[in-house]
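Structure, as structure tokens:
The values are calculated or read from the model by the stated rules, or taken from the named source; none is laboratory data. Keep in mind that this is a model prediction, so the values were computed, not measured. Please note: Cβ atoms are built from the backbone with ideal geometry, for glycine as well, and neighbour counts cover all protein chains shown.
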Amino acid sequence: MAKIKITEVVLRDAHQSLIATRMPISDMTPMLADLDKVGFYSLECWGGATFDACLRFLDEDPWERLRAIRKACPNTKLQMLFRGQNMLGYRHYADDVVDYFVKKTIDNGIDIMRIFDALNDIRNLETSIRAAKKYGGHVQAAISYTTGPVFDIKYYTNYAKRLESTGADSICIKDMAGLLTPYGTYELVKALREAVKIPLQLHTHYTSGLASMCLMKGIEAGVDVIDTAMSPLALGTSHAPTESMVAALQGTKWDTGLDLTLLSKIRDYVDTLREKYIASGRLNPKVMSVDSKTLLYQVPGGMLSNLVSQLTEAGQLDRLTDVLNEVPRVRADAGFPPLVTPTSQIVGTQAVLNIISGQRYKMCTNEFKGLVKGTYGRTPVEIDPEFRRRIIGDDQPITCRPADLIQPELERLRGEAAEYIEQEEDVLSYAQFDKVATKFFERRRDKALGIDSAHADMTAKIHPV
Ligand code: CO
């Protein structure tokens, strides 16, 4: 057994899970040089909801953020989370846009692309995996882990083998909801270790209080890399604490070799961020504690903080338990999708609507209709045709790879965004977040002209995960 490697997630998933992705680059800059010195396998620092949060809430160019981190961390691999055909947006994009996004991502400094599909529909990963290989990136294909009918060891080993056969360089078990149990992890990792030859990485959230134990059993069963977060932004809906895992493995055959003194220096800084986020109310103590309900409701960290936000803003936080009970029912109706962006938002919002409107499916979002129709791909379990008809009426369900129905769109997008484009990457920001992106571009232009325009929209109702 080789020593265990660590991906530090404080720059992405930790704050996405705890504070709805609101850590600005200015809070990151003071720790980047030290993070680069630690010797982490990689720094997860981009993708997921960071792109949306930069444009929508933080008034930051996400590309500029990536370049700043790349410059400050020349010695460590940079890693991102990528939603396959959805990129970092919430719909499927044409293949030409996906290819161009992957190219620009690697050009701007990402080394490892963790690519997943919310439905584990491999057809939704093909284009981005092919592109990442073409442009020299490390492809880490991720399995969206969930539980329910059909999700047994065989399901996961079959999927892992198919991922390996696409040319993926490594495989991640992505347990976004913190559903893994220690002995379940052991069995799963052992089976995957036998099924594929490429390295395995384990990503699990602390929500249900089991993450450290799962990582440990995963290590015993043969994972190569684990995801952890600096301790002040660990635990709760975030991850196992980096320093604790380093200490736990010290002196064993899995010793990470990382320096606890240096980690402790970074810890002191991250602790000032934690204090600041608590003081501003951004960090809600509700998401910091163990929530064993996760094991029942299958709600990922970011989704739980979103549901709390949505209900707080609707003045109905007292309905949280009802909504959490409704989530698994909606999920069953929709063919048991794993709950991860975008399906977590789609199912979560539908569950909120079902509860606050007082009648199930009286109102349906277009996204929920799309999920039921097949717009996002094939659901793990087939949807009851009667339920489908109730939601989409006489609309024909989609059975092909959804992106096959999308015409090339890069040139059209370039035309639409022409007046705003200051760098080649801007068209990709526009592709994913059209109106949000153009507002950002307008503020950027005003700033360059010395005009103090309205601030980024800090009050928007829907929080990205
Ligand atoms: Co995560």
Problem set entry | Options A132, A141; residue that is of a type outside the set (D, E, K, R), in contact with a strand residue (DSSP E or B) (Cβ under 8 Å, 6 or more places away or on another chain) and more than 19 Å from D227 (Cβ to Cβ) | A132
Seminar exercise, completed: Exactly one of I153, I173, I122, I143 is in contact (Cβ under 8 Å) with a residue 12 or more places away in the chain, of a type in the set (V, I, T) and over 30 Å from G236 (Cβ atoms), and that one is I122
Exercise. Listed residues T399, T341, T379; which is surrounded by fewer than 17 Cβ atoms within 10 Å (Cβ to Cβ) and either aliphatic (A, V, I, L, M) or within 24 Å of P149 (Cα to Cα) (or both)?
Worked result: T399
Exercise. From the list S244, S280, which residue is closer than 27 Å to L179 by Cα and not aliphatic (A, V, I, L, M)?
Worked result: S244
Exercise. Taking the stated definitions as given, is L413 at pLDDT 95 or above and either surrounded by 14 or more Cβ atoms within 10 Å (Cβ to Cβ) or more than 30 Å from L311 (Cα to Cα) (or both)?
Worked result: yes
Exercise. Limited to the stretch 423-465, what total is found for residues that are within 28 Å of the chain's Cα centre (by Cα), at pLDDT 85 or above and either surrounded by fewer than 14 Cβ atoms within 10 Å (Cβ to Cβ) or among the β-branched types (V, I, T) (or both)?
Worked result: 6
Exercise. Are any residues in the stretch 227-254 of a type in the set (V, I, T) and either out of contact with any Gly (no Cβ under 7 Å at 6 or more places or on another chain) or farther than 25 Å from I115 by Cβ (or both), and if so, which ones?
Worked result: T228, T242, V246, T252
For this session: Among the candidates L210, L202, L192, L188, single out the residue that is modelled with pLDDT of 95 or more and closer than 15 Å to E8 by Cβ.
Result: L202
Exercise. In this structure, is G136 surrounded by fewer than 24 Cβ atoms within 10 Å (Cβ to Cβ) and at positive phi?
Worked result: yes
For this session: Would you be able to say whether some residue in the stretch 142-155 is crowded, with 18+ Cβ neighbours inside 10 Å, within 18 Å of the chain's Cα centre (by Cα), among the hydroxyl-bearing types (S, T, Y) and in a strand (DSSP E or B)?
Result: yes
For this session: Taking the residues in the stretch 197-213 that are touching a strand residue (DSSP E or B) at 6+ places or on another chain (Cβ under 6 Å) and within 13 Å of the ligand (Cβ to nearest atom) as candidates, determine which candidate is farthest from N158 (Cα to Cα).
Result: A211
